[in-house]
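To keep things clear, I will list the structure first and then write my remarks on it.
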Amino acid sequence: MAAPMKFGNWQEALDYLLQKSKDSGLLQGFKSLQSNADRIKFVFDNKILLDVEWLKLYFKECCPQFHKKSDEKSVHHRNLGNKFFQEKKYGQALAAYTQSVQFAPCGHGDSNHTDSLALAYGNRSAALFHMSKYQDCLLDTERAQNAGFPPQSLHKLHTRRCWSLLKLGLQTSASKELAVLRQLCDQAKQNGEKAAGSLSRDIQLIEKELLKLKEKESDAQSILNIDKHPLPQVSYGPNSVLVQASSAVEMKTSPAQGRFLQAKQPIKSGDTLIVERPFAAVLLPDHYATHCHHCFVVLPSNPVGCLRCSRVLFCGEDCRDKAWDVYHHIECPYLDLLHSVGIAHLSLRIVLTGGLRFLQEFLLNHHERRSTVPGLTKEGRYERNYLSVYDLMTHAEDMQTEDMFQYSLTAALLLTILVHSGWFSSGDEKQPEAQNPNSLTKDWKTKFERLETFLGTSSTKGEKSEKGDNSEEPPDQRAESVPTLAPDAGGNGDQQLTSVESDQMNTRTAQGYVDNLHPCGDGVCSSTSRREVSANSVKIGAADGSTWTDDVYSVGGVLLRHVQQLVCNAHAITALHATQTDEGSAVETQSQVRVATAIYPTASLMNHSCDPTIISSFIKDVLVVKSVKDVPIGGEIFNCYGPHWKRMRRSERQEILKTQYFFECCCEACTGIKDDFSLCESLKCQHCGNSMAVHQEVRVCPNCHRTCDMAVMLQQLETADKRFADGIKKLERGNHADALASLLSCLRIRQSVMADDHRELGQTHDALAQCLAVSGRYAEAADHLTSSLRVTESLYGADSVELTRELHKMAEVQVNAGRPREALRTATRALKCARMHCAESDNWVQELLCLETALTRIVADSDAALG
């Protein structure tokens, strides 16, 4: 009987398959399996995936149909952009033209080629020019010309290009473009074209502008190719063993801790300890429209799309081509199905990054290319390679049978995608045509014959024992609330999940992102890639492994191994996201937003402490780990897996770490006498005003020893909570006067009941500051922010990220309040803290640096005027 489930909801399918396997007794047979390859084979031998009726339909019908390029849609968005452009709404026009680029069919020179892509680029360059984005405009004019811009309109591109070069002060390059324009004008006159007159006038205007212009830069590339994201260098020079870490740290092993990092020399607060590129990473679907699909940088004003689908965007051709060559040629038609499996998508990305040929050789010979320490090569180096990922701990022995069963089903689905895509038949060849997904490839019969040959010749014996060199190490940890790194308790560097990812994996797999699947890609369209997708390309069928060999199951076992590792080793890539409470607000609130999930083997070596040694930030997908405290020689480098002593009670931390990460934390914050977190939730004694770490069952003040009426105090707190919620709701709706009244009422109640450093009292002051700033009452807003800052510093420390954000906010409010000297002091302090947490090239650091520079100039001018 077909599974009664929503189309495309893999989590629902997993729950159904698990229950059915329990009822049939199939789960008992699965429980006895020891290797991952055997688990995958079990799934296909019992044809378990065939019970998901929509899955068969997906592979047969849906892959080729959704997210195809569409000339009709491209024209629609271009016309919409033209409408906005005529209304001088250039920002909206830009967005519409980008959508036109996404949908436009590619393949200039093909018989079915249209002008849609070239016209979309050309029109977008016009919007960019009017928005003074001249460098982006230049790039789009070049793209338009390369895409086959109509010859009769080429003069428009060259005119726009010439003016952009003039605006950038590039006289030499502008003169060269002017020469091209003159040639086009002469041709237009000879042909009697109407454009000749307007083109002549444009040339005259450009010539006049050239006479005024002083040479600023003769080489346009020196401006156009500036690297906006230079990577920082690790402190004290690179490490000869841990190649992406500082020489100040070293990897150690012990029976109790497994692998871990410690200081090889004294480390100072602010030192950069690790600068690491991920082995593989996956952008979250919610950020497809805002971030590059490959490097995760915020998209520029002129992104490019995939050459085959209309689903993803890239910051430029370089990222697009790299993504296509490594993984997107396989994933493109299956993206929405991969969204449904959630974090397990990263397992597939790891395998694709390694490549089929390498993976086959690795599975046969990996014991010969490694040292006795997991992750190290025979030469004794811990590199950015597949070995360092493969040797991260799986904790398979700690997993429940139900969890393992659903992880295995997910890995089997990923394996099905690989077979269905033709990945095994390709031999993982890196052919030039991979750079152009619209180029024609070998016919399906040839691909099928190659696949049959590959599946019939296998020498791989299957996956090795899961324990290996890790068998004596204690289990590692999984993750919790805030996105951070997390190695294993056994020191094998296993990385935690974020709270979202951890919860998903603890329910046997990640929750599907969509209820109704929209598969990406055009599959078997006439212009296809070297790895075309077709329901007929694999004779064995979409979910039938009856004729598969050990080679295929071994790859399935590796996919399952990586799924297991991700429970403890996946790392969230985050970015600062600025929001405004109100359109009229001059103050932004910044928060960390998770944009991608990645695997960082070096950072995964750090063990957990609720009071960590480090903090992490990102430049694109590169992880930068910096120390936030001094560490003596021999001191361990700790990361926090989520449960932080400043943000969570000891009992809550212990429960999370024990339940999700299989260990009991013994860090100083957990073994200390008092639980400092409770202090930030202290109340005032009704009699003497002393702070009390009060729980509902505790009534006696430790100072005056008198009993407090907790019922009255709790009722007051409940009233304050309601007024706070009401104030925030009114603030969000723009009802500032009423919001202010509710928040002030809340503040009076909380001040009478709560201790001065209570976190909710700080939140109230912060909300009042936002409300007053929106109303233009900046001086009063600054006063409330002062109180909020005091609470924040008490809670999180003088160098914390939280305090840095509040200082940044305060500096902006002080500027608007007409207090430049105070703003300068605040901005300088914020910049110092930000540099401790982020690289110099980080947008946050650069923004604060600009603010400090501007305020320094204002104060200096003021002093000069007074003097």
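The values are calculated or read from the model by the stated rules, or taken from the named source; none is laboratory data. Since the model is a prediction, treat every value here as computed from it, not as a measurement. FYI the Cβ positions are ideal-geometry reconstructions off the backbone, even for glycines, and counts take in every protein chain you see. Heads up: the accessible areas ignore ligands, DNA and RNA and are worked out on the full protein's heavy atoms, side chains in. Shrake-Rupley method; radii C 1.70, N 1.55, O 1.52, S 1.80 Å.
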| task | Take peptides 375-384, 74-83 and line them up by average Cβ neighbours within 10 Å, highest first, as a rough protection proxy. | result | 74-83, 375-384
| field | Förster-model FRET efficiency, 56 Å R0, LYS658 and ALA854, C-beta, rounded to 0.05 | value | 0.65
| field | Phi to ³J(HN,Hα) by Karplus 6.51 cos²θ - 1.76 cosθ + 1.60 over the range 558-567, Hz, x for Gly, Pro | value | 5, 4, 5, 4, 5, 4, 4, 5, 5, 4
| said: List the residues, sorted by chain then number, that are 5 or more residues from LEU313 or on another chain and whose placed amide H is less than 5 Å from its amide H. | reply: HIS293
| query | When the Cα centres of the range 745-770 and the range 141-218 are compared, how far apart do they sit, in Å? | reply | 62
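How would you order 711-724, 730-743 from highest to lowest mean count of nearby Cβ atoms within 10 Å?
730-743, 711-724
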| field | Under 16 Å from the VAL712 label point (7 Å along Cα→beta-carbon), backbone N, the range 748-766 | value | 749-754
| query | When the chain is fully extended, how far beyond the present Cα-Cα distance does HIS705 get from ALA798, taking 0.36 nm per residue of separation? | reply | 30.2 nm
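On a full-extension model of 0.36 nm per residue, what is the gain between ARG748 and GLU72, subtracting their alpha-carbon distance, rounded to one decimal in nm?
Net length gain for the segment: 237.3 nm.
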| field | Percent of Cα pairs exceeding the 13 Å cut-off, where the set is the range 805-867 | value | 59
| remark: Cα-based Rg/(2.2 N^0.38 Å) for the range 160-210, rounded to two decimals, is 1.13
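Give me the dipole magnitude in Debye, nearest 20, for the range 99-186 about the Cα centre, with unit charges on the beta carbon: positive for Lys and Arg, negative for Asp and Glu.
300
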| task | List, in order, the whole-Hz ³J(HN,Hα) value for each residue of the range 750-763 obtained from phi through the Karplus relation with A = 6.51, B = -1.76, C = 1.60 and θ = phi - 60°; use x for Gly and Pro. | result | 5, 5, 7, 10, 8, 5, 4, 9, 5, 4, 6, 5, x, 4
| said: Between GLU53 and LYS83, what's the calculated FRET efficiency when r is the beta-carbon distance and R0 is 45 Å? Round to 0.05. | reply: 0.55
| request: Return the carbon/sulfur percentage of the accessible area of the range 315-422, one whole number, probe 1.4 Å, all protein chains in place. | output: 45
| query | Sorted by average packing, counted as other Cβ atoms within 10 angstrom per residue and highest first, what order do 410-416, 32-38 take? | reply | 410-416, 32-38
| query | Kirkwood hydrodynamic radius of the range 47-105 from all distinct Cα pairs, in Å? | reply | 13.5
| At a Förster distance of 56 Å, what's the computed FRET efficiency of ALA865 paired with LYS31, Cβ-Cβ distance as r, to 0.05? | 0.10
